[in-house]
Amino acid sequence: MITLAMTGASGAVYGLRLLEQLIVAQQQIYLVVSAPAQIVINMETDVKLASRPTEMQALLSERYQAAPGQLQVFGREQWTAPIASGSAVPKAMVVCPCSSGTLAAIASGLSRNLIERAADVVLKEQRKLILVHRETPLSVIHLENMLRLAKLGALILPANPGFYHNPQRLSDLVDFMVARILDHLDIEHTLLPAWGD
């Protein structure tokens, strides 16, 4: 079980490609999309998400050919979702893309919405939390929040694609980042060859 949260930083394509690859890898996915993320997804991609979780789930399940029940979408304030409690903690949570505002809220333990609460639960239960931060430049506040989270065990994985694999298309750069996330989730993939292959 993996929780995927998408927030309002630019880079919606990273989150959508990760969702697709998690489905391909036959992972069970809990998804939460913030209101700003929904706006960014609609602006940056050809995906037009409805606001209702059930409609979002149906659209994304069909688009990425998820098996029945493989993808569950929860509302931003759905406090009864399993991910809001340590008794049903997933093996990992990825926030992709992760805005600086969400990063700060998680670092402060605010838990004002389901994304923040789910991240808080993952941290307190000492499971894997991956934050794919996608903003630049970084202020001292951002860096201090990252340091605080890293000290708590979170993995800060900025959306900084590499170029040593000689990317030819934008999708190659996206796949580089998604491959790195999948590597840290211990999920096999064929997006990129291993270094040296």
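State which residue is surrounded by the most Cβ atoms within 10 Å (Cβ to Cβ) when the search covers only the stretch 135-150 and only residues that are out of contact with any Ser or Thr (no Cβ under 6 Å at 6 or more places or on another chain) and not in a helix (DSSP H, G or I).
In the first step, residues of the stretch 135-150 are kept if they are out of contact with any Ser or Thr (no Cβ under 6 Å at 6 or more places or on another chain); the result is 136-141, 143-150.
Now narrow it down to the ones that are not in a helix (DSSP H, G or I): 136-139.
On the way: T136: 9, P137: 5, L138: 14, S139: 10.
Going through the qualifying residues, I end up with L138.
State whether one or more residues within the stretch 88-99 are farther than 30 Å from L143 by Cα, at pLDDT below 95 and out of contact with any helix residue (DSSP H, G or I) (no Cβ under 9 Å at 6 or more places or on another chain).
Going residue by residue through the stretch 88-99, those that are farther than 30 Å from L143 by Cα are 88.
Filter again for at pLDDT below 95, leaving 88.
Subsequent filtering for residues that are out of contact with any helix residue (DSSP H, G or I) (no Cβ under 9 Å at 6 or more places or on another chain) retains none.
Looking through the stretch 88-99, none of the residues is farther than 30 Å from L143 by Cα, at pLDDT below 95 and out of contact with any helix residue (DSSP H, G or I) (no Cβ under 9 Å at 6 or more places or on another chain).
Checking the conditions here, which among I83, I39, I29 is touching a Phe, Trp or Tyr at 6+ places or on another chain (Cβ under 7 Å), among the hydrophobic types (A, V, I, L, M, F, W, C) and modelled with pLDDT of 95 or more? Before you say what the answer is, go through the steps one by one.
Working: I39 fails: touching a Phe, Trp or Tyr at 6+ places or on another chain (Cβ under 7 Å); I29 fails: touching a Phe, Trp or Tyr at 6+ places or on another chain (Cβ under 7 Å).
From the options I83, I39, I29, the qualifying one is I83.
Would you check if F176 is aromatic (F, W, Y), closer than 21 Å to S10 by Cα and not in a helix (DSSP H, G or I)?
Values: aromatic (F, W, Y): yes; closer than 21 Å to S10 by Cα: yes; not in a helix (DSSP H, G or I): no.
Against the criterion (aromatic (F, W, Y), closer than 21 Å to S10 by Cα and not in a helix (DSSP H, G or I)), F176 does not qualify.
What pairs come out if I take residues in the stretch 169-197 that are closer than 13 Å to L157 by Cα and pair them with residues that are in a helix (DSSP H, G or I) and among the charged types (D, E, K, R) whose C-beta lies under 6 Å away, six or more apart or interchain?
Listed by first residue and then by second, the contacts come to V178/R17.
Name the single residue, out of those in the stretch 104-135 being of a type in the set (D, E, K, R) and touching a His at 6+ places or on another chain (Cβ under 9 Å), that is modelled with the lowest pLDDT. Spell out how you get there, then give the answer.
Start the filter on the stretch 104-135 by keeping residues that are of a type in the set (D, E, K, R), which leaves 112, 116-117, 120, 124-125, 127-128, 134-135.
Within this subset, residues satisfying the condition of being touching a His at 6+ places or on another chain (Cβ under 9 Å) are 128, 135.
Details: K128: 98, E135: 92.
So the residue we want is E135.
With respect to A25, is the statement that it is in contact with an Asp or Glu (Cβ under 8 Å, 6 or more places away or on another chain) and closer than 30 Å to P137 by Cβ true? Don't jump to the end; show me each part of the working.
Details: in contact with an Asp or Glu (Cβ under 8 Å, 6 or more places away or on another chain): yes; closer than 30 Å to P137 by Cβ: no.
Spelling it out, it is not the case that A25 is in contact with an Asp or Glu (Cβ under 8 Å, 6 or more places away or on another chain) and closer than 30 Å to P137 by Cβ.
Restricting to the stretch 37-62, name every residue that is hydroxyl-bearing (S, T, Y) and buried (at least 17 other Cβ atoms within 10 Å of the Cβ). Explain how you work it out, then say what you get.
Here is the first cut: in the stretch 37-62, the residues hydroxyl-bearing (S, T, Y) are 45, 51, 54, 61.
Across the stretch 37-62, the qualifying residue is only S61.
Of the residues R148, R112, R169, which is closer than 22 Å to L18 by Cβ and not polar (S, T, N, Q)? Explain how you work it out, then say what you get.
Values: R148 fails: closer than 22 Å to L18 by Cβ; R112 fails: closer than 22 Å to L18 by Cβ.
Going through R148, R112, R169 in turn, just one is closer than 22 Å to L18 by Cβ and not polar (S, T, N, Q): R169.
For the structure I just gave you, tell me whether A25 is among the aliphatic types (A, V, I, L, M), free of Cβ contacts under 8 Å to residues at least 60 places away in the same chain and surrounded by fewer than 21 Cβ atoms within 10 Å (Cβ to Cβ). If you could, list the steps in order and put the result at the bottom.
Details: among the aliphatic types (A, V, I, L, M): yes; free of Cβ contacts under 8 Å to residues at least 60 places away in the same chain: no; surrounded by fewer than 21 Cβ atoms within 10 Å (Cβ to Cβ): yes.
So A25 does not fit the description; no.
Given the stretch 31-129, what helices (runs of 4 or more DSSP H) lie entirely inside it while holding 2 or more residues that are more than 17 Å from S10 (Cβ to Cβ), without any contact (Cβ under 8 Å) to a residue 60 or more places away in the chain and within 17 Å of the chain's Cα centre (by Cα)? Give the derivation first.
Details: elements: 35-44, 53-63, 100-108, 114-124.
Answer list for the stretch 31-129: 53-63, 100-108, 114-124.
The values are calculated or read from the model by the stated rules, or taken from the named source; none is laboratory data. Owing to the predicted nature of the structure, the values given are computational and were not obtained by experimental measurement. A quick note on method: Cβ atoms are made from the backbone with ideal geometry, for glycine too, and the neighbour counts reach across all protein chains shown.
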